[in-house]
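The values are calculated or read from the model by the stated rules, or taken from the named source; none is laboratory data. Keep in mind it's a predicted model, so treat the numbers as computed, not measured. Please note: Cβ atoms are built from the backbone with ideal geometry, for glycine as well, and neighbour counts cover all protein chains shown.
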Amino acid sequence: MKKILLIFAFIVFTTSTAAEDPAHAPFDAAQVFEWWDDGIITAEEADEIFSRLEEENYDEACLLAEVYAQEPCSKPAPSKSKQPQSAQKTPTKIPHGHASWKGRYDSDGHLKKRHEELQIQFYYFKLRLGSQELLSYHRDKSEAYFGQISTIELHSHIPLDTLWGAALFYPIGKLRFGAFIDSSKTINAHIGFKPNRENELDATFWKFTDAGAIALQARTTLGQISTWYQFGQDRPLVKIQLQSVKKHLSWKTTAYLHGDSIPQGLNLSKGITENWLWASQTITARWPETLNTEFSFKARLLSPTATDSVSARFKATLTSGPEQFRPSLSVTCLEASDNCNTTEWKGAVESTWEPFSFKAGTKFRYDRNPKPPRIELGATYRSSTALAKLTIAFPETTPAKGFSVQNEIKVDAEPLGCDFAFAFKKTKTKPFKPNFAHIQANFKF
């Protein structure tokens, strides 16, 4: 089998004939920690989002954040250092790249998870070592990969398991042909049709050692729909991401649907596998001419595979005002099946005076046993190469009953970049001690 892989890899790298810009995360680890510390998401949901961020599958990380946290996830702005397209067609022959290390620590100071990477780019080749071992080749829309291959390399809309093998994609006109083989004799054959920049159709046949499957993907200006059917199962798995963004009205639909069994070869988050229906709907109305007012309504639907029940959560948010004084109010029905007996009210005021911004807010949960409101104060300094953020929260209004402090420092400079996010917490029964920490260092060369 190793001889077959080596022969395939040789063909891959001798027949392939400009690499895409690296994607940037739409949010960082500090934001995920903030959602978790606020009680918006659970620790398990936070781990699911962290996993996608570490895989650099930012599209799936956004999807999880929008469903679990019911927070918008906008695409990051393109890097200012992006080279013109003509310059990227003739990449430098001087080796360059970066080395990075990420680590997450728990409240006891133990390293919970780490991620290291060394990436070297030379001409049309790119070598990644560490958490992913991969040699890739990009030139004139042709692609070749050898090593640990997964979702991004195989252009899959649905997250895939990581496989060790070789893959090749070769364009002919508006068509794109691809093939893959791994060490366990899993193979696939791919064909794609792209008539223009906005529309694309893809079909992939998968052959595992004990199963076969077919995957279909369709992308249009409204979004993307994908389906994966494993022969012999009752229903296919379907992933839907559709959206429309207009000046005054926007909407977004996200959903996963599947049968009792999950197809082989997929790497889905636990929350998706446990619910045959996992969906969210967002509708946003904007009035830019009226103090840039914005109203959004979000709905989340979850239906467990093991039962016939449906869990629904609704959230409405109103924001208005200039950047110097922009108040917002939101109300969340945590469970519609309980007739919204538990609701969460949140009010905040944000003021931005470049390069500083300040925020003050309060959150109150109303149910049969109401608790004191949570008060939160924050300040941020932001420049083109650095960020410093401090947030102080009082979960039960008064500092005597407990408080938490979260700090984030981020420096994006040449050649060294770093990101520190850490929090300390005090409760009625526990002293002031670390709650979590995230450390990231990046060296460019």
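Please work out if ARG313 is surrounded by fewer than 17 Cβ atoms within 10 Å (Cβ to Cβ) and either part of a helix (DSSP H, G or I) or of a type outside the set (S, T, N, Q) (or both). So ARG313 does not fit the description; no. Quick one: is ARG104 more than 16 Å from the chain's Cα centre (by Cα), modelled with pLDDT of 85 or more and among the charged types (D, E, K, R)? So ARG104 fits the description; yes.
With respect to the conditions (1) assigned to a helix (DSSP H, G or I); (2) surrounded by 14 or more Cβ atoms within 10 Å (Cβ to Cβ); (3) at pLDDT 80 or above, PHE27 lacks only one, and its number is (1). Residues that are touching a Cys at 6+ places or on another chain (Cβ under 8 Å) and surrounded by 15 or more Cβ atoms within 10 Å (Cβ to Cβ) number at least 2 in the following strands (runs of 3 or more DSSP E) confined to the range 324-441: 403-412. Scoring SER16 on the criteria (1) touching an Asp or Glu at 6+ places or on another chain (Cβ under 8 Å); (2) at pLDDT 80 or above; (3) surrounded by 20 or more Cβ atoms within 10 Å (Cβ to Cβ) leaves a single failure, condition (2). Mind checking whether some residue in the range 223-232 is more than 29 Å from GLY321 (Cα to Cα), exposed (fewer than 14 other Cβ atoms within 10 Å of the Cβ), over 19 Å from the mean Cα position of the chain (by Cα) and not acidic (Asp, Glu)? Yes, because at least one residue in the range 223-232 is more than 29 Å from GLY321 (Cα to Cα), exposed (fewer than 14 other Cβ atoms within 10 Å of the Cβ), over 19 Å from the mean Cα position of the chain (by Cα) and not acidic (Asp, Glu).
Rundown of residues vs (1) at pLDDT below 90; (2) part of a strand (DSSP E or B), yes/no style:
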| site | (1), (2) |
| --- | --- |
| SER86 | yes, no |
| GLY109 | yes, no |
| LYS112 | yes, yes |
| ARG128 | no, yes |
| ILE152 | no, no |
| GLY165 | no, yes |
